[in-house]
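Notes follow once the structure below has been shown.
The values are calculated or read from the model by the stated rules, or taken from the named source; none is laboratory data. From a predicted model like this one, the values you see are computed outputs, not experimental measurements. Glycine gets a Cβ as well: all are built from the backbone with ideal geometry, and neighbour counts include every protein chain shown. The protein model used for the area step is the full one, side chains on, heavy atoms only, and it has no ligands, DNA or RNA in it. Shrake-Rupley method; radii C 1.70, N 1.55, O 1.52, S 1.80 Å.
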Amino acid sequence: MIRDLYNVRLRPAEGTATPLTEQEEQRYRAVLFSELGNKIADQGWVRYPAYTPEERRRLVDVAHRLTAYWGQQVFVEAEDQCRLRLCLAGYEALPKTLPARP
């Protein structure tokens, strides 16, 4: 007996992520815009994980959208290899300097 399989997709290889569909991407960016925007409005900055270049581009795009929405620059800074910080002017991270030796 032969069965027809409908709506069957190949599974990705282990350890690889599947890309989001266009609709999923729009919904995810809308959630980031809302949630990160609220956090920035409350405390002036927010940090969010970004492990891949795609995630970093997504956060930079959200920062540009927030800048256009508020009319105030939202800065994006890389804190380390895995996190980005979005902040308003005046909330930028202080430069890391060594203390002066006596």
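Here are some notes:
- Here P19 meets each of (1) open to solvent by 60 Å² or more (accessible area, probe 1.4 Å); (2) more than 18 Å from Y91 (Cβ to Cβ); (3) at pLDDT 95 or above with one exception, condition (3).
- Residues in region 38-54 that are assigned to a helix (DSSP H, G or I) and surrounded by 14 or more Cβ atoms within 10 Å (Cβ to Cβ): K39, I40.
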